[in-house]
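So the structure is just underneath, and the comments pick up after that.
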There are 2 protein chains.
Amino acid sequence: MTARRAGRGETTRKALMDAALRQVARGRSFDALSLRKLTQSVGIVPTAFYRHFESMEALGLALVDESLRTLRRMMREAREQPVPHEQVIRSSVTTYVHYLQANRLHFHFIMRERFGGVATLRQGIHNGIQLFVSELATDMGRFPVLDRWSAGDLRMIAGLIVAAVTEATDLILNAPEDDADAEAEIINTTTRQLRLIVLAVPQWRSS
Amino acid sequence: MTARRAGRGETTRKALMDAALRQVARGRSFDALSLRKLTQSVGIVPTAFYRHFESMEALGLALVDESLRTLRRMMREAREQPVPHEQVIRSSVTTYVHYLQANRLHFHFIMRERFGGVATLRQGIHNGIQLFVSELATDMGRFPVLDRWSAGDLRMIAGLIVAAVTEATDLILNAPEDDADAEAEIINTTTRQLRLIVLAVPQWRSS
DNA sequence: GCATAATGTCAACACATGTTCACTTTGCCA
DNA sequence: TGGCAAAGTGAACATGTGTTGACATTATGC
């Protein structure tokens, strides 16, 4: 039983991860981070890095893991929340954006490294998102009309929704952090996009 | 009139740009490229780089420009092409994917640096895409039913379409280059997504 | 409280990076 | 054809990089 110790080591490990996240959120891509600057910003000597991670890539993978975890947590909480009868879409979008604001660093990391320069990170994030799409698809399959849809059609529509939300995420992250007007407009546009999609559902005939 | 010479210089300038594009397509993010490796892969000495670009960032901006230009070229050609009466959506998607395959390097660059680590490149690409969305919106405003839509609604739906196409682009670029089956499936999914969107159009009531 | 493993430090390495300056070569235009 | 600007070269620089090994300092479980 390798009971993980939770001494100061655990905290500087976290500090390293946070430092990396902050650097990424500041604009740099993970690919271009330097081990030395990272340790410096944490206040330890470069060589101490290896006490916590085997390599930079390992750090990156840990960050992918952590970030995807907050994504899953969001979905779980959303599932446990009772579904509001009115304004389902609008309130979902709003909730999402709040969650996004509360976890900017993780979302920023995911967005940047999703197409970033490190193949293994890309792969990990890609898989995570695909899983996310799948879960969304099966969730949607429980709704009144959609319960007659094929699995493929459900994935198709889930993918479309995720694409819309991804675009919104991009816009939010690139807007100034406290611009309420911009945020409101993005929420508005995304809400209308999702409403449009829902409007199409009853019309759909699988070919 | 500063008539640009087209000597060997012009060609190694292009060679530098191509080398950078290849490196990016290979996986590295632009801000992790090294000036030295670049010049080495072109066969010139590092210092000669400055004969063609003031800095790496200048190279990047030139690449943004070039890549966005192929995007605009695509749209222009699409506009000049007569609209097929049947299977409009499917044939559009197919055409797009072919164009994408024929210009993988440029699309790869756009996709990677759209969220990449260099702010100015991000900004440039973002603006380019927004312009793209606007043009698509006004184009769509010429269609039978959509000609009654507000500009805001048109932008909304155009954004949704672009989001779907962007997702498809990502999938295509990350699939092996000659996997016809995967390509066919992506085309299929995207086509259905766009069809779904079109189905919603007659139902839409602007609030 | 002591032994022990985990964290952290220090010095040093071999190498890669961007950029400088003065120089040579190339190719075009008058 | 001679001149001149453009393109390419070479040596050298100051810095930054990842990684090594041997050593010091913690903290924690027994």
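The values are calculated or read from the model by the stated rules, or taken from the named source; none is laboratory data. What you see is a predicted model; the values in this text were computed from it and never measured. All Cβ positions, glycine included, derive from the backbone under ideal geometry; neighbour counts span all protein chains shown.
Things worth noting here:
- Taking residues in segment B:162-178 that are among the small types (Gly, Ala, Ser), and partners anywhere that are surrounded by fewer than 17 Cβ atoms within 10 Å (Cβ to Cβ), the pairs with Cβ atoms closer than 8 Å and at least 6 places apart or on different chains are B:175/B:182.
- Cβ-Cβ under 7 Å pairs, at least 6 apart or on other chains, segment A:88-116 side among the small types (Gly, Ala, Ser), far side surrounded by fewer than 20 Cβ atoms within 10 Å (Cβ to Cβ): A:91/A:84; A:116/A:122
- Residue A:195 being at negative phi and without any contact (Cβ under 8 Å) to a residue 24 or more places away in the chain: no
- Of all residues in segment B:51-77, those satisfying the criterion of being more than 13 Å from residue B:105 (Cα to Cα) and either touching a Phe, Trp or Tyr at 6+ places or on another chain (Cβ under 6 Å) or polar (S, T, N, Q) (or both) are B:55, B:59, B:60, B:74.
- Subset of segment A:14-52 that is among the basic types (Lys, Arg) and either within 11 Å of DNA strand D (Cβ to nearest atom) or free of Cβ contacts under 8 Å to residues at least 40 places away in the same chain (or both) - its residue that is nearest to the other protein chains (Cβ to nearest Cβ): A:28
- Residues within segment B:180-191 that are more than 12 Å from chain A (Cβ to nearest Cβ), more than 21 Å from residue B:109 (Cα to Cα) and of a type outside the set (A, V, I, L, M, F, W, C), tallied: 1
- Scanning segment B:18-53 for residues that are small (Gly, Ala, Ser), assigned to a helix (DSSP H, G or I) and either over 17 Å from residue B:113 (Cα atoms) or at pLDDT below 95 (or both) returns B:41, B:48.
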